[in-house]
Amino acid sequence: MIFDERVHAVAKKGFTERQARFLTTVMLHAGVCVPRQYARFCGIVYGAKTRKFFDKLVRLRHASMYDCRHNRARIYHVNQRALYAAIGEAGSRLRKPVTLNHAIRRLMVLDAIVEDPDLVWLGTAEEKSTHLTTLLRIEPADLPHISTGEGDARTVRYFPDRLPIGIHPAGRGVVVYVVTDPWLDEFRLFLLRHAALLRALPAWTLRIVVPPHFPDIGQRAKQVVWNQLMTPLKTDILDELRWYFEQARAHPAPSRSQDLDERFYRARNAFSEPRFKALYRVWKEDGDTAFTACRSHALDEAVTAGVGRVETLELGHRYGHLSPLVAVA
């Protein structure tokens with residue numbers, strides 16, 4: 001089903017088109033929501049209409065409401081099977097009970113989406129693969145993935161991060177990342193997995209969603225993007241890096257190996273930065289194709305030309321007041 005077909009199916013359940021569009025978006029990307037997000041999505045003032053809509057969701061058992069520590073704060077979990085079945089997602093994992101930390105992360109994902117409600121937001125791995133390979137002619141090998149095994153036993157899972165990708169009518173892709181770890185190690189892996197996709201898109205925006213409890217991380221995240229993707233390495237450094245990776249894989253316990261010389265330890269010191277540690281993890285899965293992101297100037301040139309953008313979405317909304325009275329929403 002395409003998005004408009006899903007919206008039409010939800011509207012048949014007794015909702016306006018605007019309400020159906022919001023509910024469809026929630027069910028595809030977050031499962032949970034708060035009233036201010038509906039108001040933002042619809043471009044309306046948070047008032048009686050918003051409260052009436054959420055009262056209806058709870059009354060008809062389309063959603064469960066959870067009280068929070070703040071007297072007026074509520075988290076709503078859209079979880080009715082029939083509603084998900086209407087959009088072809090009856091077995092969605094988003095229907096299942098979710099812990100507070102996961103609920104807040106999903107709310108942040110939804111915050112990133114409601115900033116641009118007019119984009120086509122792709123949620124499932126199947127949707128992303130179909131849209132990007134069929135409509136934008138992107139090669140499957142350029143899609144974000146993780147792989148396990150080798151040869152005939154190799155298996156590939158696409159879009160393992162389960163984060164939305166937005167497509168503008170003009171073709172610009174919006175890739176979303178929600179910061180959850182202050183060290184940004186997972187972010188580095190995310191960048192490496194998405195580097196080929198960004199190079200293949202005609203225009204792109206990398207939107208880094210910064211939660212309020214990491215107030216200074218937005219600028220650091222931008223520096224990581226520059227360091228990981230937009231600072232190409234020279235050929236001689238790449239050759240040494242490839243040699244070191246091969247040695248590191250062959251000697252998982254260097255201290256117990258007798259055949260390693262000074263060159264290995266010198267390389268280990270030179271390549272001890274987080275950038276190279278993330279690259280090593282990807283190289284172990286994909287081999288030398290992982291080095292493409294290290295030698296290409298394409299992303300740096302795209303930013304200089306204005307077709308590539310790196311932006312942060314600073315969430316001024318404080319999530320602390322959403323701590324529920326129970327541990328599971």
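If you take the residues in segment 146-165 that are touching a helix residue (DSSP H, G or I) at 6+ places or on another chain (Cβ under 7 Å) and farther than 17 Å from P211 by Cβ, which one is modelled with the lowest pLDDT? Can you show your working first?
From segment 146-165, those touching a helix residue (DSSP H, G or I) at 6+ places or on another chain (Cβ under 7 Å) are 146-147, 158-159, 161, 163-165; that's our starting set.
Narrowing the set further to residues that are farther than 17 Å from P211 by Cβ leaves 146-147, 158-159, 165.
On the way: I146: 93, S147: 87, Y158: 95, F159: 96, I165: 96.
The residue in question is S147.
Taking the residues in segment 72-103 that are of a type in the set (S, T, N, Q) and in contact (Cβ under 8 Å) with a residue 24 or more places away in the chain as candidates, determine which candidate is most open to solvent (accessible area, probe 1.4 Å). Can you show your working first?
Step one: of segment 72-103, the residues of a type in the set (S, T, N, Q) are 79-80, 92, 99, 101.
Within this subset, residues satisfying the condition of being in contact (Cβ under 8 Å) with a residue 24 or more places away in the chain are 79, 92, 99.
Working: N79: 35, S92: 17, T99: 64 Å².
For segment 72-103, the residue satisfying everything is T99.
Which members of segment 55-71 meet the condition of being in contact with a Phe, Trp or Tyr (Cβ under 7 Å, 6 or more places away or on another chain) and surrounded by 19 or more Cβ atoms within 10 Å (Cβ to Cβ)?
L57, A63
Answer yes or no: is there a residue in segment 279-286 that is part of a helix (DSSP H, G or I), free of Cβ contacts under 8 Å to residues at least 60 places away in the same chain and exposed (fewer than 11 other Cβ atoms within 10 Å of the Cβ).
Here is the first cut: in segment 279-286, the residues part of a helix (DSSP H, G or I) are 279-286.
In the following step, the residues that additionally are free of Cβ contacts under 8 Å to residues at least 60 places away in the same chain were identified as 280, 283-284.
Filter once more, so that each one left must be exposed (fewer than 11 other Cβ atoms within 10 Å of the Cβ): none.
Looking through segment 279-286, none of the residues is part of a helix (DSSP H, G or I), free of Cβ contacts under 8 Å to residues at least 60 places away in the same chain and exposed (fewer than 11 other Cβ atoms within 10 Å of the Cβ).
Of all residues in segment 123-157 being within 16 Å of T289 (Cα to Cα) and in a strand (DSSP E or B), which is most open to solvent (accessible area, probe 1.4 Å)?
T148
The values are calculated or read from the model by the stated rules, or taken from the named source; none is laboratory data. Because the structure is predicted, anything quoted here is derived from the model rather than measured. Heads up, the Cβs are rebuilt from the backbone with ideal geometry, glycines too, and the neighbour counts pull from every protein chain shown. Just so you know, the surface numbers come from the protein's heavy atoms only, side chains and all, with ligands and any DNA or RNA stripped out. Shrake-Rupley method; radii C 1.70, N 1.55, O 1.52, S 1.80 Å.
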